[in-house]
1. State whether one or more residues within segment A:155-173 are part of a loop (DSSP other than H, G, I, E, B) and assigned by TED's automatic domain parsing to the domain that holds A:ALA106.
2. Condition first: over 18 Å from the mean Cα position of the chain (by Cα) and either among the small types (Gly, Ala, Ser) or more than 10 Å from chain B (Cβ to nearest Cβ) (or both). Now tell me which residues in segment A:35-47 satisfy that.
3. Among the residues of segment A:234-266, write down those that are at pLDDT 90 or above and more than 28 Å from A:ILE277 (Cβ to Cβ).
4. Name the residue that is modelled with the highest pLDDT, counting only residues in segment A:10-34 that are within 9 Å of another protein chain (Cβ to nearest Cβ) and within 18 Å of A:ALA71 (Cβ to Cβ).
5. Here is a check on your reading of the model: is A:GLY312 modelled with pLDDT of 90 or more, under 16 Å from B:ALA211 (Cα atoms) and not in a strand (DSSP E or B)?
6. Within segment A:103-127, can you find the residues that are more than 14 Å from chain B (Cβ to nearest Cβ) and on the phi > 0 side of the Ramachandran plot?
7. Among A:PRO198, A:PRO202, which is the only one that is at pLDDT below 85, surrounded by fewer than 19 Cβ atoms within 10 Å (Cβ to Cβ) and either facing another protein chain (nearest Cβ under 8 Å) or in contact with a Lys or Arg (Cβ under 8 Å, 6 or more places away or on another chain) (or both)?
8. For segment B:166-183, give me the residue count where each residue is assigned to a helix (DSSP H, G or I) and touching a helix residue (DSSP H, G or I) at 6+ places or on another chain (Cβ under 6 Å).
Amino acid sequence: MERLLAVRCPGLIEEDESGGVLRAFDRVVAAVEASCPWVTVVRTGICTLPIRGPARYFGGEHAVVDLVTAAAVEAVEAAAEAVEGGSSVEAVEVGIAEGTFAAVLAARTGTIVEPGGTTAFLAPFPLAVLGERDLADVLARLGITTLGAFAALPERHVLGRFGATGVACHAVATGRSGNLPGLADPGAGRRLHALRHPPPPPDRQPGFWGGASEADARAAQVLTRVQGLLGPDGVLTARLQGGRSPAERARDVPWSARSRAGRSGGTGSQPPWPGAIPPPAPLLVHRDRPAAELVGLDGTAVAVSGRGVLSGEPARLSVAGGPWERIAAWAGPWPTEERWWTRGHRRTARLQVVTAGTARLLVVERGSWQVEATYG
Amino acid sequence: MFDSVAPGRVPGRVPGRTAAPASTTPGGRRDPSALAALDDLARRIRPTAASGTRLLPVHPALAPLLPEPGLRRGSAITVTAAPGLEGTLAVAMALVATASTGGSWCAVVGIADLGAVAVDGIGVDLERLAIVPRPGPHWAEAVAELVDGVDVVVVHPPFAPRPAAARRLVARARERQSVLVIVPGRAGWPEPPDVRLTVESSHWEGIERGAGHLRRRRLLVTGGGRRAAGRMRRCELWLPGEDAGPGVAGVAGVAGVAGVAGVAGVAGTSGASEPA
């Protein structure tokens, strides 16, 4: 089970009608997210995050606990005036254990449970922490009052006596599962999200009159963040332009909030470009073209003559030294002379080749075949 | 939960195991009338989930494959193919196309060689398409960010996804009400999706042994999934169709009738020609 850090704000567990508690909790989540990605909202007032990565990054679990506690406390204090009922709101509990249930319990008790020690940590807790009173009552009559004693029962007995809910609680008690039924409230995350992104007023037409829409603004925000993660070249937009080969006809540029992608030449259909391969275009245009071998029935390499004629019927294809694939159909060649206006001009030809599952566009230059594109 | 935990730092007012107080009596058992009150409260503090925006529009040729006539916000869809077949990326892009022309932002993560001409041909609006070609080990983080502000994220994980990471991404997409379209690599996708589309067969037309050229491809696609999506659906599509993106080749029982094919142009978006 995944090792989790849980943050629990006891004063923010009961949502109020005005939404003040939810807003306060949202500030806590945002404050925690600022240093650790992957925050999961378990329910209002409780969130968790996987500790492994942040612990490595910040130099240990204690460092993360300190950091998260400080961030959460600050957020709670800042939000305190917005919530009725004052000081009890300000407490923040943080703990670490394996699985959601144990992590929340660890937060409750302010504990960092040693790796692998979750089952032992859970054992002394009273059954009431499972929140199933009927189960606890029956077990108490059997003399079983702690999670540890419950965990020691064989699972088949639990199933026979307490059904699926009992088994789920048993799995939690034995430390095999962290998902106590009823612990998580999947709606809480959605309500928080709704809080952060209120819908645009209905009378406003997004993007109408050429203005940037709400959607554009939100997208711009996250794309900027992804560029922060991967670098400017990490997020691209494509522009279409004239050209003969699939690679020439599209240009990728780093995304920027101010640039606009799309076609450089109006929104109509693409003009036919002399020597272009007829549509449809291939979905994958390979930057690093794999080498290919193309042979006829007798196993000799297939070539294209200077006059654009195939030396023989292609029968089999091997890509990047891979297994031979039988060729079901082919078309072409389409000969081209690229950069014919320079001395370094190249004479190439293209061939569409279909094998059992795949259609490819091959290009040959000086007798060597490469896979230029795949129709995907 | 946790009422009877002794040493908590916070005094008394901890509710039962369901957080919202109205729904729980001190012992942690539910009170039906309180639950109703809670539902009512939830409705009032959740202004967005307006019914009209739950579904993003989808091309009519693909709608028969889905449990609802659109892409449900917050859902995860996988697109896979029978062994040795292509077509998954084309189906994924076709799923996105109509939402894209309708104003939704889309992102494609992990496809280094994406051919923009074909994507345009399928009908995706390149003006609202972000391409994250080589996210490397940061792919999951990138997707987690993207679902926060992009309506549909198509992801081809460059590495075998760890189950915990996959689960978190699906949960985050659900939370942020974005649609995750997963085109798994060889390692597959460890989380059961809401909707599962599978390319069962693929046949290119227009090309022979030394004549013609690739014109259009007939794909047999099945759709299934969890709960309401569980019923298996089948559909034949032209993808790419001639002169446009996707088209209807036949639906369910009609399958196998090449004549139905003529509907190709249904795409109707501003697309030029290609696809794949």
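The values are calculated or read from the model by the stated rules, or taken from the named source; none is laboratory data. Remember, it's a predicted structure, so these values are computed and weren't measured experimentally. All Cβ positions, even for glycine, are placed from backbone atoms using ideal geometry, and neighbour counts span all protein chains on display.
1. Checked against the condition, which is being part of a loop (DSSP other than H, G, I, E, B) and assigned by TED's automatic domain parsing to the domain that holds A:ALA106, segment A:155-173 yields no hits at all.
2. Correct list: A:SER35, A:GLY45, A:CYS47.
3. A:GLY234, A:VAL235, listed by residue number.
4. If we take residues in segment A:10-34 being within 9 Å of another protein chain (Cβ to nearest Cβ) and within 18 Å of A:ALA71 (Cβ to Cβ), then A:PRO10 is modelled with the highest pLDDT.
5. Values: modelled with pLDDT of 90 or more: yes; under 16 Å from B:ALA211 (Cα atoms): yes; not in a strand (DSSP E or B): yes.
Criteria met by A:GLY312.
6. Residue satisfying the conditions is A:GLY116 alone.
7. Numbers: A:PRO202 fails: either facing another protein chain (nearest Cβ under 8 Å) or in contact with a Lys or Arg (Cβ under 8 Å, 6 or more places away or on another chain) (or both).
The conditions single out A:PRO198.
8. Pass one, segment B:166-183, residues assigned to a helix (DSSP H, G or I): B:166-176.
Then keep just the ones that are touching a helix residue (DSSP H, G or I) at 6+ places or on another chain (Cβ under 6 Å); that gives B:169, B:172, B:175-176.
Looking only at that region, the number is 4.
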